[in-house]
Every structure is written in C-alpha cells, then in structure tokens.
Amino acid sequence: MALSDIIFIKGQGGLGTPLPGEDFISGIPFYTANANLPSGFSTANRIKSFGSIQDAEAAGIKSDYSDATAATATYTVTAIGTDGDTVNITINEPGGTSTNLGTYKKVAADTTVTLVATAITAIINAGTVNHGYTASSAAGVVTITAPKRFGSGLNTGTPIVVTIVGAIAGTLVQFSGGVASLQAVWHYHIKEYFRMQPSGLLFVGFFAVPVTYDFTEIQTMQVFANGKIRQIGIYKDGTTPSTGDMGLIQGVLNTLDTLHMPISWVLYTANMVSITDLTTLTDLNLLNCPKVSFLIAQDGAGLGNFLYLTSGKSITTLGATLGTIALSAVSESIGNPSRFNISDGFECDTINFANGQAVKTSTQSLLNRLDSYRYIFLIKRVGPTGAFFNNSYTAVTSTSDYAFIYRNRTIDKAIRGVYSTLILDVQSQLVLNADGTLKASTIEFFKREAEINLAQMVRDGELSAFEVLIDPNQPVLSTGTLVLTIKLVPIGIANQIIVNIGFTTQI
C-alpha cells in the first residue's frame with residue numbers, strides 16, 4: 001500500500017484554450033425578446049465569443065431555471081372526514097418519474113377544512129428538500145408550486161394524483177401557468193458544443209424575434225467576428241420548419257461569399273413538435289442550398305429530452321452537432337463512427353427525432369427515406385457503442401459537387417487561403433515578353449502565391465492534390481485581368497464499403 005499523500009490530477013479543457021487555425025470557430029444566433037436577454041448582454045451588446053461553458057455562465061447564460069415560471073395547482077378541502085382518513089399526493093412528472101409528496105393522516109385536532117389544508121401543506125413542505133415542491137394554504141385551499149425546472153411540462157394532462165382513503169373530500173385543479181426556461185436551452189446547446197469540442201470558440205448572439213425571418217443576423221455575426229466564423233447553427237424554436245428559410249439562409253451565405261467572408265455551412269433546426277408524420281418532410285434534393293443542412297436529431301432520454309418535455313418545443317442536438325463539425329477536419333465526414341460518437345453514455349445515448357419520435361422504433365423504410373431526402377439525424381450501428389450521424393448531407397441534389405458539408409468546408413478553406421495571399425498582389429505589375437505574353441517568371445510568381453496554402457492543406461490531409469494553371473497568352477494588357485485556374489482533388493469519403501466474400505478451394 002502506498003504512503004498517505006495528496007494527489008492532484010490536472011484537468012484539460014476548462015480554459016477553453018483555442019486551437020491553432022480557425023476551422024473550429026462557430027456561431028449560434030438565438031432569437032428572443034429583449035426582456036429575456038442574459039445579464040451579460042444588452043440591446044447594444046448582443047454578441048459575445050466564448051471559449052468554454054464557464055465563459056457563457058459568466059455572461060449570465062445559466063442552467064438554474066431562474067428565468068422559468070413555476071406551475072401551480074390547487075387542492076381545495078371540502079370535507080374533513082374522520083380521524084385516520086388519509087390523503088396521498090403524487091406527481092407524474094415529465095419523463096415518467098412518479099414523485100410522492102407525502103401522505104396526510106387525519107387527527108382529532110384537525111377540526112376544520114382550513115386545519116386539514118394546513119396539515120397537508122406542512123407534509124408537502126417537509127419533503128421539499130427531497131422533491132422540490134412547495135405548498136401554501138389559505139381557507140382550506142392548498143396551493144402546490146412545482147419546481148421551476150418543469151416549465152410547461154406539467155401544464156397538460158393530469159399529472160397530479162390524489163388518493164383518498166376515507167371520507168375526506170376535496171376539489172383538485174391540475175397544474176397550469178408553467179413557463180419553461182429559455183436560458184436552460186441556450187446553456188444546453190452551448191455546453192453540448194464544448195462537450196464535443198472543448199477547445200472550440202463559439203460566438204453567441206441574441207436577437208429580437210423578427211416579424212418575418214430573413215436570417216441577416218448571420219451576416220451581422222460574421223461582420224462582428226471579422227469574418228472568422230466558419231459554421232453557424234440556427235435554432236429557430238418559435239415556428240415549424242420551412243424550406244423557404246433554407247433558401248433565405250443560402251442567400252445570406254451567397255452575399256458573404258462575395259464579401260470574402262464565407263461561412264462554409266449553416267445547420268438549420270426548427271420546432272418540429274407538430275410534425276407527427278416524418279414522411280411528410282420535403283425532399284431536400286429539390287433545393288439549391290449547398291451550404292445549408294437540416295438537422296432533425298434529438299436526445300431521447302437525457303437532458304435534451306427533459307428540456308423537450310418541459311418546454312413543449314424541439315430541442316435538437318444543434319450544439320453537439322455544431323461542436324462535432326468544429327472538432328472535425330474540413331475534409332472529414334461527421335458520419336465516421338470511428339471518429340465521431342455523439343453519445344457520452346448518457347446524453348444522446350438514447351436517440352429521437354426532433355418531434356420526440358424514437359429512432360429505435362422507427363421503420364427502416366422511414367430511416368432510408370429520411371436519409372435519401374438528405375436530412376441529418378442520429379442512428380445506432382451494430383457493433384460500435386454510441387450514437388452516430390447518418391451522413392454529412394447538405395440541402396442540394398446528390399449530384400452536386402457541394403452535396404456534403406466537407407466539400408463546402410474544403411473548398412471554402414482553399415478559397416480563403418488563396419485569397420489571403422493573392423489579395424496582396426492586386427494591382428501588382430505583370431512583366432510581359434516582347435510578344436505580349438506573360439513571362440515565365442511572372443507566371444511562376446503567381447503560381448507560388450496561389451499554392452502556398454493549398455500545399456499546406458495537402459500536407460494536413462485536407463486535399464489530395466491540386467494544380468494551378470495560368471495561360472501565358474491571356475490579354476492582360478487589354479483586360480487588366482489575370483486569370484488563374486485552380487483544380488482541386490478532394491479527399492475521398494467511403495460512404496459505402498462493398499465486400500465480396502465467399503468460399504474457395506484454395507488461395
């Protein structure tokens with residue numbers, strides 16, 4: 001046995017120390033009323049960058065449910081019964097847990113409905129430290145207040161069960177008035193982002209809910225970040241999804257391309273609670289949104305599911321998916337099981353769709369349909385433990401060069417790299433031969449300028465190969481324009497692996 005000692009184990013990732021490069025830099029705009037802004041934000045200060053969940057908490061984005069409104073219910077005692085009669089109150093909570101608030105037993109001293117109500121209240125409050133419910137009473141009416149964390153999850157159905165043995169009687173009014181925490185959902189997505197990419201950098205913005213969404217907040221955030229954001233997650237929890245939204249988002253991204261501030265990818269999510277039949281979802285092959293993906297994944301038994309049940313809105317795995325992209329190389333597919341397991345053994349270990357439907361009980365036909373329609377969701381695979389993305393689809397026809405997230409990220413990184421060197425050569429001199437063609441030295445100079453960052457991408461395994469071509473015969477004197485042609489050979493992705501296997505008499 002070792003000598004007694006004090007042992008220190010140094011943690012990693014708590015400081016959110018950013019990685020080299022900028023491929024991991026991400027953003028999330030949230031839409032909410034100005035009255036709901038976290039303490040570190042204001043109408044004049046809507047965007048901040050975070051390197052850890054602790055940074056977000058310091059800015060007032062917390063998971064303590066303090067911004068929620070507790071649901072309340074009442075039980076009005078109408079008959080005191082006889083000594084020895086009992087009243088038991090239990091709550092069937094979101095997620096299936098049944099919580100017992102205690103059992104009141106009538107005693108001789110409780111001679112009025114007011115005294116009975118007071119005694120029931122005392123029983124409930126004696127257990128508050130364990131179950132979180134509180135109670136108050138007045139004139140025979142017991143008012144039960146639920147923990148704030150349950151939000152609107154107790155407002156529907158009949159979660160309170162009052163079991164009476166004897167002649168005691170009363171009138172029960174079920175819970176109402178509960179309002180879910182917004183901050184808990186924001187905190188969840190930010191925390192999930194850093195769970196998947198502890199060294200990421202996340203820009204978070206809070207914007208007023210627009211009368212009509214146009215998603216210009218994407219450009220606002222990118223300008224604030226000086227063009228450094230590489231991917232953004234849209235959490236539109238107020239309304240049902242719309243493919244029109246995706247077209248508007250793509251339009252903003254096209255504008256940013258022209259401004260030399262490209263965002264390579266936007267992850268779109270919306271409230272899918274009302275969509276009970278997933279076969280009615282639109283075929284995304286019909287869209288022309290190569291930089292936009294539609295996420296329909298959601299946790300099925302962890303915190304994400306709890307927030308879904310207590311808010312009545314889709315939560316999705318937006319934060320974790322965005323963090324997975326931030327973790328991956330630009331040339332990687334997030335569907336690779338050996339690299340990207342989104343489950344930590346609890347969160348996202350049970351997986352649902354964003355309308356609450358379990359993936360496990362869904363038919364293979366539905367899964368195949370959603371996959372062929374190019375939605376991103378989580379699946380289980382035989383063999384490896386965990387939860388994995390079905391693919392890295394974008395909302396464009398499958399024959400497009402930009403049908404996958406990694407294709408867009410790769411070419412945008414190449415474009416940014418080439419731009420960063422060639423921008424310094426705008427209006428530079430072009431030395432010509434006597435016949436007006438470009439000198440070999442001029443061609444070689446510009447080729448080297450264009451190749452610097454592309455060569456690094458090859459070394460980093462983000463490109464297979466490239467070629468820079470410059471036609472010496474182009475009429476630069478008359479046009480004032482130098483044309484370069486760059487050909488890129490991307491990294492291949494094994495979406496399918498076919499194995500031919502059988503017996504033979506000899507090898």
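If you scan the range 221-238, which residues turn out to be open to solvent by less than 60 Å² (accessible area, probe 1.4 Å), outside any strand (DSSP E or B) and touching a strand residue (DSSP E or B) at 6+ places or on another chain (Cβ under 8 Å)? Don't jump to the end; show me each part of the working.
Restricting attention to the range 221-238, the residues satisfying the condition of being open to solvent by less than 60 Å² (accessible area, probe 1.4 Å) are 221-222, 225, 227, 229-238.
Remaining after also requiring outside any strand (DSSP E or B): 221-222, 225, 227, 229-230, 237-238.
Those that are open to solvent by less than 60 Å² (accessible area, probe 1.4 Å), outside any strand (DSSP E or B) and touching a strand residue (DSSP E or B) at 6+ places or on another chain (Cβ under 8 Å): MET221, GLN222, ALA225, ILE229, ARG230, ASP237, GLY238.
Taking the conditions exactly as written (exposed (fewer than 10 other Cβ atoms within 10 Å of the Cβ), aliphatic (A, V, I, L, M) and within 38 Å of the chain's Cα centre (by Cα)), does VAL458 satisfy them or not? Let's see the steps before the verdict.
Details: exposed (fewer than 10 other Cβ atoms within 10 Å of the Cβ): no; aliphatic (A, V, I, L, M): yes; within 38 Å of the chain's Cα centre (by Cα): yes.
Considered against the rule, which asks whether it is exposed (fewer than 10 other Cβ atoms within 10 Å of the Cβ), aliphatic (A, V, I, L, M) and within 38 Å of the chain's Cα centre (by Cα), VAL458 comes out as no.
How many residues are on the phi > 0 side of the Ramachandran plot and modelled with pLDDT of 95 or more if we restrict to the range 82-104? Steps first, answer last, please.
Step one: list which residues in the range 82-104 are on the phi > 0 side of the Ramachandran plot, which gives 84, 95-96, 102.
Subsequent filtering for residues that are modelled with pLDDT of 95 or more retains 84, 102.
Within the range 82-104, residues that are on the phi > 0 side of the Ramachandran plot and modelled with pLDDT of 95 or more number 2.
So which residues in the range 302-327 are of a type in the set (Gly, Ala, Ser) and in contact (Cβ under 8 Å) with a residue 60 or more places away in the chain, if there are any at all?
Within the range 302-327, GLY304, SER311, GLY312, SER314, GLY319, ALA320, GLY323, ALA326 meet the criteria.
Could you figure out which of (1) touching a residue at least 24 places away in the same chain (Cβ under 8 Å); (2) part of a helix (DSSP H, G or I); (3) not hydrophobic (A, V, I, L, M, F, W, C) isn't true of GLY244?
All conditions pass for GLY244, except number (1).
Rundown of residues vs (1) of a type in the set (S, T, N, Q); (2) part of a helix (DSSP H, G or I); (3) touching a Lys or Arg at 6+ places or on another chain (Cβ under 9 Å), yes/no style:
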{"residue": "THR442", "(1), (2), (3)": "yes, yes, no"}
{"residue": "ILE452", "(1), (2), (3)": "no, yes, no"}
{"residue": "SER464", "(1), (2), (3)": "yes, no, no"}
{"residue": "VAL468", "(1), (2), (3)": "no, no, yes"}
{"residue": "LEU477", "(1), (2), (3)": "no, yes, no"}
{"residue": "ALA494", "(1), (2), (3)": "no, no, no"}
{"residue": "ILE501", "(1), (2), (3)": "no, no, no"}
{"residue": "THR505", "(1), (2), (3)": "yes, no, no"}
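Which residue, of ASP299, ASP344, is of a type in the set (D, E, K, R) and surrounded by fewer than 24 Cβ atoms within 10 Å (Cβ to Cβ)?
Just one listed residue meets the conditions, ASP344.
For SER428, indicate whether it is of a type in the set (Ser, Thr, Tyr), open to solvent by 50 Å² or more (accessible area, probe 1.4 Å) and at negative phi.
no
If the requirement is being of a type outside the set (Asp, Glu) and in contact with a Gly (Cβ under 8 Å, 6 or more places away or on another chain), which of these qualifies: ALA117, ALA73, ALA108? Explain how you work it out, then say what you get.
Details: ALA73 fails: in contact with a Gly (Cβ under 8 Å, 6 or more places away or on another chain); ALA108 fails: in contact with a Gly (Cβ under 8 Å, 6 or more places away or on another chain).
Only one candidate qualifies: ALA117.
From the list ASP55, ASP110, which one is closer than 28 Å to GLN183 by Cβ, among the acidic types (Asp, Glu) and surrounded by 18 or more Cβ atoms within 10 Å (Cβ to Cβ)?
Result: ASP55 is the single residue among ASP55, ASP110 that is closer than 28 Å to GLN183 by Cβ, among the acidic types (Asp, Glu) and surrounded by 18 or more Cβ atoms within 10 Å (Cβ to Cβ).
All but one of (1) assigned to a loop (DSSP other than H, G, I, E, B); (2) under 30 Å from THR316 (Cβ atoms); (3) modelled with pLDDT of 95 or more hold for VAL107; state the number of the condition that does not hold.
Result: VAL107 passes all but (2).
Restricting to the range 381-421, and then to whatever is assigned to a helix (DSSP H, G or I) and open to solvent by 40 Å² or more (accessible area, probe 1.4 Å), can you tell me which residue is nearest to PHE24 (Cα to Cα)?
The selected residue is LYS413.
Taking the criterion of being in contact with a helix residue (DSSP H, G or I) (Cβ under 7 Å, 6 or more places away or on another chain), open to solvent by less than 20 Å² (accessible area, probe 1.4 Å), touching a residue at least 24 places away in the same chain (Cβ under 8 Å) and within 30 Å of THR220 (Cβ to Cβ), would at least one residue in the range 160-178 satisfy it?
no
The values are calculated or read from the model by the stated rules, or taken from the named source; none is laboratory data. These numbers come from a predicted model, not from an experiment. Note: ideal-geometry Cβ built from the backbone for every residue, glycine included; neighbour counts use all protein chains shown. Accessible surface is based on the protein model in full, side chains and every heavy atom, while ligands, DNA and RNA are left aside. Shrake-Rupley method; radii C 1.70, N 1.55, O 1.52, S 1.80 Å.
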